Amino acid sequence: MERLLIKNGKVVNPEGKSGMLDILIEDGAVKQIADAGEINADSASDPSGLKTIDVSGCIVSPGFIDVHTHFRDPGQTHKEDIFTGAEAAKRGGYTSVVLMANTIPAVDNTETLEYVLERGRQTGINVLTCANVTVGMQGKELVDMDALKAAGAAGFTDDGKPLLDADLVKRAMKKSAALGMILSFHEEDPAFIKNNGVNHGKASEHFGIYGSDREAEISMIRRDIELALETGAEIDIQHISTAEGVELVREARKKSAKIHAEATPHHFSLTEDAAIEHGTLAKMNPPLRTEADRLAVAEGLRDGTIEMIATDHAPHSAEEKSKPITEAPSGIIGLETMLPLAIMNLVEPGVLSIEQFVERASCGPAKVYGLDAGVIKEGMQADICIFDSRGKWIAGDYRSKSSNSPFTGQEMRGMVKWTICRGTVVYEA
């Protein structure tokens, strides 16, 4: 177990002590936090084994937490597996990830759940997973939620598929509320979609297709908020993309603190123009929409309507993404580019302070999903990200097994320098 002394960093710690501080880490936990210069080798129980990290010019924050990511394991490990996905997470500053359950087989049973969690324990970071809401993601029969909670599920979702049966959703909400578990929803009604992944508008016109109308998302968010308010369920509206959807969540949160939402880096960074420019590399569900929608998502993050930044890291092979726009799968990778996209598109323009960004990327997700994480505090597990908000690099050479990103080749500002999980350095630039 490493013994570490982090010196000369600006600690940004929304739920704890912040400022120019030194942090002493022993036995995987934060032993001491003190003003800069107050901790030295003599403060450690074994000074000879202490490693000092000088992080001058860097920001020290709680490790980032992604509550919406795909590692494709089991079943599609040509795209990603739990180990390569964890390596991508470490490079992105993530110490905790919550995986989605649309694997092959789906995580609708305890055996698959335990497989994912066991492999996750071997990665060096905190890998959790949701279980499915319905058996086989077929939207017909609820899973055994009691057994899956007992086996360690972090929540329930059929992400990748919307739940169309309102009565089934209501039953799922009542059950999850009784269990004290969160449900996360992929909000796209196929009745409003002819070609997924491309916005119905300028982008669809460019490709000569109908695409995906914004009402697909709006109608489902409206329905699920109404059901959640009725049942008292805790819900997460995933990867929100429309101004109307943001406003629905904003109004719902005035009535219930159990309504949550997440925004992806691509939805606060890009518009449908990127789909026109990059084709399938900017095809995702829900699709990139208009500049007004992008700004609404950013404003939702600013005012706290949207509490979480979540990547929806969705690896696909180059062969799959090389198919025509109507045939290629939707999704882009996102773990390794979240930090710079947030710095460039939220912090630098003044939409979020650096403190607000760190909150949305760490303690916000931790609170929503009930994780004992997201804060640097004496006695707590030492999960820490150290980054240079001005550090420049070119996106590419990913640790992910896949490289499907419209950002490849672009200059990024914001670089993770160290990721520390359970008191061990798991990534160093």
Here the net charge surrounding G279, from other residues whose Cβ is less than 14 Å away from its Cβ (Lys, Arg +1; Asp, Glu -1), is -2
Given the range 243-304, what whole percent of its Cα pairs are spread farther than 17 Å? 40 percent
Percent of alpha carbon pairs in the range 1-98 separated by more than 16 Å? 63 percent
Applying a 10 Å radius around every beta-carbon, put 319-326, 284-291, 188-195 in order of their mean neighbour count, most first. 284-291, 188-195, 319-326
Across the chain, how large is the tail of the calculated P(r) beyond 27 Å, expressed as a percent of all Cα pairs? 49 percent
In nm, to one decimal, how far is the modelled label at D372 from the one at A429, with both set 7 Å along Cα→Cβ? 3.2 nm
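With the convex hull built on the Cα atoms of the range 170-325, state its orientation-averaged projected area in nm². Can you show the working numbers first?
Numbers: hull surface 36.4 nm².
So the Cα hull casts an average projection of 9.1 nm².
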In whole angstrom, note down how far apart the Cα centers of the range 130-168 and the range 334-413 are. 29 Å
Estimated distance in nm for a label pair at I104 and Q410, the labels positioned 7 Å out from Cα along Cα-to-Cβ: 3.1 nm
For the range 205-216, take each phi angle, set θ = phi - 60°, evaluate the Karplus expression 6.51 cos²θ - 1.76 cosθ + 1.60, and give the result in whole Hz per residue in order, putting x for glycine and proline. 4, 4, 8, x, 10, 7, x, 10, 6, 4, 5, 4
Restricting to lysines and to Cα separations under 22 Å from K254, and discarding same-chain partners fewer than 8 apart, the set is K170, K174, K367
For K323, list the lysines whose Cα falls under 25 Å from its own Cα; do not include residues on the same chain fewer than 8 positions away. K79, K161, K194, K202, K283, K401
By the mean-Cβ-within-10 Å protection proxy, highest first, 237-245, 129-137 rank as 237-245, 129-137
Could you give the distance between the Cα centres of the range 66-83 and the range 264-285, to the whole Å? 21 Å
Report the extension gain between S317 and S256 in nm, rounded to one decimal, defined as 0.36 nm multiplied by the number of residues separating them, less their alpha carbon distance. 17.9 nm
Extension gain from A34 to A191, taking 0.36 nm per residue of separation minus the Cα-Cα distance: 50.8 nm
Using 0.36 nm per residue of separation minus the Cα-Cα distance, give me the extension gain between M20 and V135 in nm, one decimal. 36.4 nm
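Of the beta bridges DSSP finds with both residues in the chain, what % are antiparallel, to the nearest 5? Provide the component values of the computation, followed by the final result.
Numbers: 31 of 60 bridges.
In the chain, approximately 50 percent of DSSP beta bridges are antiparallel ones.
Per the Kirkwood definition applied to all pairs of different Cα atoms, how many angstroms is the hydrodynamic radius of the range 143-235?
With all distinct Cα pairs of the range 143-235 included, I get 14.4 Å.
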Taking the highest mean first, how do the peptides 20-31, 107-118 order by number of other beta carbon atoms within 10 angstrom per residue? 20-31, 107-118
Taking the chain and counting helices only, DSSP H stretches of n ≥ 4 at -39,500 (n - 2.57) each over all residues, the nearest-500 ellipticity at 222 nm comes to -8000 deg cm²/dmol
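Read-outs throughout are calculated quantities, based only on the coordinates presented, and are distinct from any laboratory measurement. Everything quoted here is computed from the prediction, not taken from an experiment. So basically every Cβ, Gly included, is an ideal-geometry build from the backbone, and we count neighbours across all protein chains shown.
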